[in-house]
Amino acid sequence: MGVFVMPSLGADMEAGTLVEWMVGPGDEVHRGDVVAVVETQKGAIEIEIFEDGVVDSLTAAVGQTLPVGAPLAVVLKPGESASPAASAVSAPEPAPEPAPEPAPPPVAETASVAPPPKPSPPQAGPKIVPSPPATTPGTPPPASPAARAYAVAEGIDLSGVTGTGPGGVILLADVAGRGAPKASHAKPESPMAAMRAAIAAAMSRSKREIPHYYLMHSVDVQAATDWLEAQNATRGPQDRLLMGALFVKAAAMAAKRAKGINGHYEGDRFHPAEAVHAGVAVALRGGGLVAPAIHDADTLSLDDLMAAMRDVVFRARAGRLRSSEMRDGTITISSLGEKGVEAMEGVIYPPQVALVGVGTPLPRPWVVGGQAVPRMVATLSLAADHRASDGRLGARFLLEMETLLQEPEAL
């Protein structure tokens, strides 16, 4: 028997709100299955389970806010039966309405021998748990935090949305991708305030606790630009590759060879990672940033990596990322795309030990064969943790990226 707990979805997460169960008691689950949706400061995250078994009981109710490590469910291993101890951890039942207090006995009209007792100070009556009120005109319909934030960001009027959650609660899936927003005269509070606070807390901690060092290196990417143009000339729009995929693949392959750049610093020591799970920074609509991990990015073909990048960008902006994507990153790559600036310095996302920044490729005079010629040049930057590596290893990492980008057909 195992207890499935609220996972940590980042260094800045302390608690999460359970907004949806995807399984129930008696359901069979397998490693990697999505079993719940949890609302965090960075949006709604799909929570995966990491063992095979059968759900014995749910120990948390929808709407509860629970700290990291709090029990969510009891899962029995294959062939295992529930133990008596499991019954102690059962799903919380709604509080029953207390029975009305009996009326006090009538007081006799005749005088009593003893004087009546002094009346006790008034006390609060029993707490009655009311049923959810029906939605009335002008009252916002019940909705999960993720659904409300998405609706505010996209200008969607929830009064016209039918909820599919418990008791008709509107879930994120009910509003994601809906049509044109309705006009609203109210000035809503920014839904990104909590995310901004979470990002600020994580980055402040990073700069306070991690001894950063920074390196920058300008790289000739003309060969990669020419190869990419030739590749895309024969592809449809949906199959075209972006330069960002080449940068992510080169960074992942270089990280595989530079062990001190890829991994986590936890428990006062560095833990190098065998696999490279590349976190890709994604800017969200309305503001905010997340960096979901693409697993084993160094082993994916460019086509598969491009498909994975499109997928995580779409799901990040729809608020449907998975817990493993938020937790498993071993290095982060942040690219400014084709309309950014030429260089950037990043802040490491703990417990990772490195962040790669990629500036926008721009035409620059470059010396080739003893002559100055125009070439597309990109500035790569590395923010790294001095507890895990030093400038020599960091420089080797950037030079390895440069070498890989010179032969894009080998990526």
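The values are calculated or read from the model by the stated rules, or taken from the named source; none is laboratory data. Computed from a predicted structure; not experimentally measured. Positions of Cβ are backbone-derived with ideal geometry, glycine not excepted, and every protein chain shown enters the neighbour counts.
Filtering region 333-347 down to residues that are surrounded by 16 or more Cβ atoms within 10 Å (Cβ to Cβ) and in contact (Cβ under 8 Å) with a residue 60 or more places away in the chain, which residue is nearest to the chain's Cα centre (by Cα)?
Ile333
Exactly one condition in (1) closer than 30 Å to Ala197 by Cβ; (2) acidic (Asp, Glu); (3) at pLDDT 90 or above is not met by Glu28; state its number.
With (1) closer than 30 Å to Ala197 by Cβ; (2) acidic (Asp, Glu); (3) at pLDDT 90 or above applied to Glu28, the lone miss is (1).
Please note which strands (runs of 3 or more DSSP E) are completely contained in region 303-381 and include at least 1 residues that are closer than 30 Å to Glu209 by Cβ and either modelled with pLDDT of 95 or more or not assigned by TED's automatic domain parsing to the domain that holds Val34 (or both).
Result: 331-335, 354-358.
Residues that are over 18 Å from the mean Cα position of the chain (by Cα), farther than 22 Å from Pro7 by Cα and free of Cβ contacts under 8 Å to residues at least 24 places away in the same chain: does region 278-296 have at least one?
no
In region 357-377, which residues are aliphatic (A, V, I, L, M) and out of contact with any Ser or Thr (no Cβ under 7 Å at 6 or more places or on another chain)?
Leu362, Val367, Val368, Ala372, Val373
Could you check, for region 394-407, whether at least one of its residues is closer than 30 Å to Arg208 by Cβ, aromatic (Phe, Trp, Tyr) and modelled with pLDDT under 95?
Scanning region 394-407, I find no residue that is closer than 30 Å to Arg208 by Cβ, aromatic (Phe, Trp, Tyr) and modelled with pLDDT under 95, so the answer is no.
Would you check which residues across region 348-367 are free of Cβ contacts under 8 Å to residues at least 12 places away in the same chain and among the β-branched types (Val, Ile, Thr) and list them?
Val367
So which of Thr379, Thr330, Thr299 ends up being buried (at least 23 other Cβ atoms within 10 Å of the Cβ) and among the polar types (S, T, N, Q)?
None of the other options fit; the residue is Thr330.
Criterion first (at pLDDT 75 or above and not in a loop (DSSP other than H, G, I, E, B)) does Arg148 satisfy it?
Criteria not met by Arg148.
Out of the residues in region 24-72 that are β-branched (Val, Ile, Thr) and over 16 Å from the mean Cα position of the chain (by Cα), state the one that is farthest from Tyr150 (Cα to Cα).
Top of the filtered list is Val54.
Taking the stated definitions as given, is Arg310 surrounded by 19 or more Cβ atoms within 10 Å (Cβ to Cβ), within 27 Å of Phe50 (Cα to Cα) and within 17 Å of the chain's Cα centre (by Cα)?
Judged against the criteria, Arg310 is not a match.
Among the candidates Gly79, Gly69, Gly10, which residue alone is on the phi > 0 side of the Ramachandran plot, at pLDDT below 90 and either outside any loop (DSSP other than H, G, I, E, B) or touching a Phe, Trp or Tyr at 6+ places or on another chain (Cβ under 9 Å) (or both)?
Testing whether each residue is on the phi > 0 side of the Ramachandran plot, at pLDDT below 90 and either outside any loop (DSSP other than H, G, I, E, B) or touching a Phe, Trp or Tyr at 6+ places or on another chain (Cβ under 9 Å) (or both) leaves just Gly10.
Go through region 382-397 and count every residue that is assigned to a strand (DSSP E or B) and out of contact with any His (no Cβ under 6 Å at 6 or more places or on another chain).
Residues that pass the stated criteria total 3.
Quick one: which residue in Phe247, Phe270 is part of a helix (DSSP H, G or I), surrounded by 14 or more Cβ atoms within 10 Å (Cβ to Cβ) and touching a helix residue (DSSP H, G or I) at 6+ places or on another chain (Cβ under 9 Å)?
None of the others qualify; the one that does is Phe247.
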